[in-house]
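First the structure, in the form of structure tokens, and then the observations on it.
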Amino acid sequence: MIHEDFTRYHQIVGTYTAFSIFCILIAYAVTLLLGLRSLTSPTEPIGDPYFSLMEILIIVLAPLLVIEMIVIHGYAAPRQRIFSLMALGFMIISACITSSVHFVILTVSRLLASSGFPWVTLFLSFEWPSVAYALDILAWDIFFALTMLSAAPVFTGGRLEKVIRLLMIVSGILSLAGLIGVPLADMSLRNIGIIGYVGLPLIIFPLLGLLFWRMRDSVPDRPEGDDA
């Protein structure tokens, strides 16, 4: 069923944004793998050009995630809009935190480090513990997880929607599970969370794109009753 207020603009934006997110996630995953393969020791941080490219991809990804949640809010049935609005709010918080962190890391962290400030790694690095690392965990392991768990109840229709709902729930749970690495000070355990907010979204967002693409011939150009 096509929900009222869901127009062709929602359908087009939702389709192309979802597939754009998928492409960025693929690029991020490939860059991450290449960066890891370039290391001589698993304890080394990923260097350039891989590190800078990953930062740029995340900065580009963040607003697209917000846009997709706006489309999902437009798609939600009235009784489920409390959940879609929660998802949108959580995603805005996540996007603001992670884009700010990665922009600062990309632009000023190395300049400060090269200036000889010994405290830089405690604030502006992805070596645990650091303030930037903690904020990124807050963005992805908590607020992205809450986004997925909140958006899941929106999808209650056919088989495709039920698959999306299930994958969103699992994504949220796994993202939250990555928090176990924080009290144990073991960031390898946080890889559980990475499966939740990188691995499963590689499936979730193309399925969202497919869902909205299938609606291309059945959505109205504007909401019912809008004669303007």
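The values are calculated or read from the model by the stated rules, or taken from the named source; none is laboratory data. Just so it is clear, the model here is predicted, and its values are computed rather than measured. Please note: Cβ atoms are built from the backbone with ideal geometry, for glycine as well, and neighbour counts cover all protein chains shown.
Key figures
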item	result
Given (1) in a loop (DSSP other than H, G, I, E, B); (2) loosely packed, with under 14 Cβ neighbours inside 10 Å; (3) not aromatic (Phe, Trp, Tyr), index of the condition LEU111 fails	(1)
Subset of segment 8-43 (residues that are among the hydroxyl-bearing types (Ser, Thr, Tyr), under 25 Å from ILE67 (Cα atoms) and more than 20 Å from the chain's Cα centre (by Cα))	TYR9
Of the criteria (1) more than 28 Å from LEU124 (Cα to Cα); (2) not in a helix (DSSP H, G or I), which one THR40 fails	(1)
Flag if GLY158 is modelled with pLDDT under 95 and under 21 Å from ARG79 (Cβ atoms)	yes
1 or more residues among the charged types (D, E, K, R): qualifying helices (runs of 4 or more DSSP H) within segment 121-222	131-137, 159-177
